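The values are calculated or read from the model by the stated rules, or taken from the named source; none is laboratory data. Every value quoted in this text rests on a predicted model; they were computed, and no experiment measured them. Because the Cβ atoms are built from the backbone with ideal geometry, glycine has one as well, and the counts that use them run over all protein chains shown.
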Amino acid sequence: MLNRQYHKRVMKAALNLVGAGGESAATPADLVALVFGRHNYELDVTEAASYLDAARVTRGARLPERGTAPTARRDKAAALRPAKATAITVYTPADLFRFRREGEHLS
């Protein structure tokens, strides 16, 4: 239970740092300081960088290309846009009967 609580607290702090679109330029040092101040947890910089990357992906931002620093500043144009929900039309048997009777087509 302790590991799950630890993960949830650190991830919540990382999500707060990266912002709604994952575009905020938070550094691993920022996360280390925030988590230590809030929960008295000691993170190392590589673990903090991993949490920040996970938070950015959760918020829809792309990670940088291979060979670059894991927390390099993300370009706003590279951020993924949230996917739009697909519209689904549900027809009842009464609708189908009416379409057939009136000669309409399903669209």
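Of the residues examined, Thr89 is not one that is at pLDDT below 80, of a type in the set (S, T, N, Q) and surrounded by 13 or more Cβ atoms within 10 Å (Cβ to Cβ).
Taking into account only those residues within region 26-42 that are farther than 19 Å from Asn3 by Cα and not in a helix (DSSP H, G or I), which is modelled with the highest pLDDT?
First, the residues of region 26-42 that are farther than 19 Å from Asn3 by Cα: 26-30, 33.
Subset that is not in a helix (DSSP H, G or I): 26-27.
Details: Ala26: 83, Thr27: 87.
Across region 26-42, the extreme among qualifying residues is Thr27.
Table: residues versus (1) surrounded by 11 or more Cβ atoms within 10 Å (Cβ to Cβ); (2) of a type in the set (A, V, I, L, M, F, W, C); (3) modelled with pLDDT of 90 or more.
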| residue | (1), (2), (3) |
| --- | --- |
| Ser24 | yes, no, no |
| Asp44 | no, no, no |
| Ala49 | yes, yes, no |
| Arg62 | yes, no, no |
| Thr71 | yes, no, no |
| Pro93 | no, no, no |
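Close contacts from region 22-36, counting a first residue that is without any contact (Cβ under 8 Å) to a residue 24 or more places away in the chain and a second that is small (Gly, Ala, Ser) and not in a loop (DSSP other than H, G, I, E, B), with Cβ to Cβ under 7 Å and a gap of 6+ residues or different chains, come to Leu31/Ala13; Leu31/Ala14; Leu31/Ala48; Val32/Ala48; Leu34/Ala13.
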